[in-house]
Amino acid sequence: MEKVWLKNYDPGVPATIDYPRVTLHQLLEQTASRFPNQTSIIFPGALGDSYRLSYKRLEQQVNRLANALINLGVKKGDRVVLLLPNCPQFVISYYAVLKVGGAVVATNPLYSAREMEYQFKDCGADTIIVLSLFYRTVAEIKERTRLRNIIVTNIKEYLPPVSRLLFTLLREKKEGHRVDISGAKDTYSFQGLLKRFAPTPPSVTVTPDDIAMFQYTGGTTGISKGAVALHRNVVSNVYQMKAWASPVNPKESGEVVMGVMPLFHVYGMVAVMHLSVLGAAAMVLLPRWDTLQVLKAINRYKPALFPAVPTMYVAINNHPDVKKYNLRSIKGCTSGGAPLPLEVQQQFEQITGGKLSEGYGLSEAPVVVTANPQIGKRKAGSIGVPFPDVEARIMDVETGEKEMSLGEVGELVIRGPQVMQGYWNRPEETKQVLRNGWLYTGDLAKMDEDGFFFIVDRKKEMIIAGGYNIYPREIEEVLYEHPKVKEAVAYGVPHPYRGETVKVAIVLKEGETATAEDIIEFCRERLARFKVPKIVEFRESLPKSLIGKVLRRVLVEEEKAKLAGKQKEAE
């Protein structure tokens, strides 16, 4: 197939890239060697102060922790879990695991104990690096998993001095960060390990063909699976991103990247952390989203690049004090995770003067595969055109073997150097999505005459709320545990801020009564906060097919009809 999209590439963006045969941690080693004094991490405190770590010191701390991991028995091929928010410890830990030949399993700290336990068991990890705030949860489930080594770190360890003192006095104990690990079996202090071991590089041979990470995803079936990516898969995508951003960010080093997109999310991991390391940029790490703090950080640290999801741009656009802060340093942003409304894009560009382009990616091809050009032609509602060395096609939904014509809707399939190797220990699911070198994304799309792609629906019934992927089956399994619930179905409904929000339709057992709050509270105890249903509807029955399958799509269409009716009334 002719790559018609190449004609729309920005000047200077190549159609193909000569990728170096290196590992991800070798990118860090090269940057630390070339730009030792360049700032790698900026970690803001509460008083406008910040902790800064140079690339030389980052590399030294990575080596110290890598040597500690070897001493604890971590071997090549072992999986190591990171249960950390955006902080210097995440970056240090990530590259240290890679240096010993391990595979990183970055887990969302918002997960419930139940969800964490499933992932820890599935990946077979025996070592975890965890923020002290989440230590109790890990200790609680440790004996039910293979976890052996627990390395605990406190968020204050990399705060600047005055902010660290205030945190210790006012917040540490109150918020649950202070834990006592003395006497706990196989439990270690992060800083204690760094002090014990030398900053010399470990002598472990790791190649680009070794596993770098597991990224857990619901894939096309809704069951959480570890998408396995090699070093070369991720390195390819980082180089593609750098080339794509070059029209608005040609600097070789010294740029600043806004790092509020979670690093445990594959988008933040690649577009913030790895891209910063490749470009010797400073990443401004914020542990959580707070719109005012983000505005202050942009104003103070002058980032040029700001990868984020639409809800973040919406929050900035609508903050009452946005005009008080100088956001004009921003040059380029790629929005992912959910559709980017045109009005959000235009308003953000007006406020910042930068370019905000919508892209598309998935954990199975970590992470971006298409994007709108940074300075050239962009199309509203489009996920853009394929990255260098990425091919994309639209195939028929029924067989996946017939390529559709221009403008026809089918399943989006892609092929490129960043595509995963498969799902961990799930050969059947892997066969479903990897066919003849192509990744079947499960998303329904169409392509126009210029090679721009448009997502029109999702074959998989995933809900995307605030940039988070939520799989209905996970919620439904919890609902079916409720003693009063007979039948339940979860689905996404439109939401003005989050894109979608979770609604559940429930049929209660005969003679039982329950309130919406009863259901929501039950879910709160068992699910991560972002997965908890926001709307509960009790029904006499659920729409079903002739074979008894609940027709989720019928419920979705009902919601769309209601919304259309309300809009018509408003007109």
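Some notes on this structure:
- Per this entry, N86 is counted among residues that are open to solvent by less than 10 Å² (accessible area, probe 1.4 Å) and in a loop (DSSP other than H, G, I, E, B).
- Pairs, first free of Cβ contacts under 8 Å to residues at least 60 places away in the same chain and among the polar types (S, T, N, Q) in segment 139-160, second surrounded by fewer than 22 Cβ atoms within 10 Å (Cβ to Cβ) and outside any loop (DSSP other than H, G, I, E, B), C-beta under 6 Å, six or more apart: T145/K121; N154/S132
- Members of segment 242-265 found to be touching a helix residue (DSSP H, G or I) at 6+ places or on another chain (Cβ under 9 Å) and closer than 16 Å to P287 by Cα, listed by number: V257, M258, G259, V260, M261, P262, L263, F264
- Which numbered condition A96 misses (of (1) of a type in the set (A, V, I, L, M, F, W, C); (2) assigned to a helix (DSSP H, G or I); (3) in contact with a strand residue (DSSP E or B) (Cβ under 8 Å, 6 or more places away or on another chain)): (3)
- Of the residues making up segment 383-410, those that are surrounded by 22 or more Cβ atoms within 10 Å (Cβ to Cβ) and assigned to a loop (DSSP other than H, G, I, E, B) are I383, F387, V390.
- Single condition T217 does not satisfy, out of (1) under 30 Å from E411 (Cα atoms); (2) buried (at least 23 other Cβ atoms within 10 Å of the Cβ): (2)
- Here the condition is being touching a Leu at 6+ places or on another chain (Cβ under 6 Å) and among the charged types (D, E, K, R); of R64, R52, it holds for R64 alone.
- Only one of the numbered conditions (1) out of contact with any Asp or Glu (no Cβ under 8 Å at 6 or more places or on another chain); (2) more than 30 Å from Q421 (Cβ to Cβ) is not met by L278, and that is (2).
- Restricting segment 133-154 to residues that are open to solvent by less than 20 Å² (accessible area, probe 1.4 Å) and touching an Asp or Glu at 6+ places or on another chain (Cβ under 9 Å) leaves a set whose member that is nearest to G176 (Cα to Cα) is N154.
- Residue check for A488: of a type in the set (A, V, I, L, M), in contact with a Lys or Arg (Cβ under 8 Å, 6 or more places away or on another chain) and under 26 Å from S112 (Cβ atoms): no
- Here L563 passes the criteria (1) assigned to a helix (DSSP H, G or I); (2) farther than 20 Å from G499 by Cβ; (3) at pLDDT below 95; (4) open to solvent by less than 90 Å² (accessible area, probe 1.4 Å) except the one numbered (2).
- Identity of the residue in segment 425-475, of a type in the set (A, V, I, L, M, F, W, C) and in a loop (DSSP other than H, G, I, E, B), that ends up most open to solvent (accessible area, probe 1.4 Å): M462
- Lone unmet requirement of (1) assigned to a loop (DSSP other than H, G, I, E, B); (2) open to solvent by less than 40 Å² (accessible area, probe 1.4 Å); (3) under 30 Å from A46 (Cβ atoms) for L194: (1)
- Screening the candidates T137, T145 for the property of being touching a Lys or Arg at 6+ places or on another chain (Cβ under 6 Å) and either over 18 Å from P88 (Cα atoms) or not polar (S, T, N, Q) (or both) yields one hit, T145.
Conditions (1) touching a His at 6+ places or on another chain (Cβ under 7 Å); (2) of a type in the set (V, I, T), marked per residue:
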{"position": "Y471", "(1), (2)": "no, no"}
{"position": "E476", "(1), (2)": "no, no"}
{"position": "Y497", "(1), (2)": "no, no"}
{"position": "V504", "(1), (2)": "no, yes"}
{"position": "E510", "(1), (2)": "no, no"}
{"position": "A514", "(1), (2)": "no, no"}
{"position": "D518", "(1), (2)": "no, no"}
{"position": "F522", "(1), (2)": "yes, no"}
{"position": "E525", "(1), (2)": "no, no"}
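- When the test is whether a residue is among the basic types (K, R) and touching a Ser or Thr at 6+ places or on another chain (Cβ under 8 Å), R498 passes it.
- Pick from segment 320-332, criterion at pLDDT 95 or above and open to solvent by less than 40 Å² (accessible area, probe 1.4 Å), ranking: farthest from A365 (Cα to Cα): V322
- Of the residues N67, N8, the single one that is at pLDDT 95 or above, closer than 27 Å to P417 by Cα and open to solvent by 10 Å² or more (accessible area, probe 1.4 Å) is N8.
- Restricting V478, V413 to residues that are β-branched (V, I, T) and assigned to a helix (DSSP H, G or I) narrows the list to V478.
- Qualifying residue in segment 349-359 (condition: of a type in the set (G, A, S), modelled with pLDDT of 95 or more and open to solvent by 20 Å² or more (accessible area, probe 1.4 Å)): yes
- Look at (1) farther than 23 Å from A308 by Cα; (2) open to solvent by less than 20 Å² (accessible area, probe 1.4 Å); (3) at pLDDT below 95 and you find that V504 fails only one, number (3).
- If you go through segment 220-238 and keep only what is more than 16 Å from L434 (Cβ to Cβ) and either buried (at least 22 other Cβ atoms within 10 Å of the Cβ) or modelled with pLDDT under 95 (or both), you end up with G222, I223, S224, H231, V234, V235, S236, N237, V238.
- Any chance V294 is at pLDDT 95 or above and under 30 Å from G437 (Cβ atoms): no
- Among the residues of segment 27-45, not one is surrounded by 18 or more Cβ atoms within 10 Å (Cβ to Cβ) and without any contact (Cβ under 8 Å) to a residue 24 or more places away in the chain.
- A488 vs. criteria open to solvent by less than 20 Å² (accessible area, probe 1.4 Å) and farther than 25 Å from V309 by Cα: yes
- Of the residues making up segment 103-111, not a single one is without any contact (Cβ under 8 Å) to a residue 60 or more places away in the chain and farther than 29 Å from A280 by Cβ.
The values are calculated or read from the model by the stated rules, or taken from the named source; none is laboratory data. This one's a predicted model, so the numbers in the text were calculated from it and none came from an experiment. Heads up, the Cβs are rebuilt from the backbone with ideal geometry, glycines too, and the neighbour counts pull from every protein chain shown. Remember, those area values only see protein heavy atoms, side chains included, never the ligands or the DNA or RNA. Shrake-Rupley method; radii C 1.70, N 1.55, O 1.52, S 1.80 Å.
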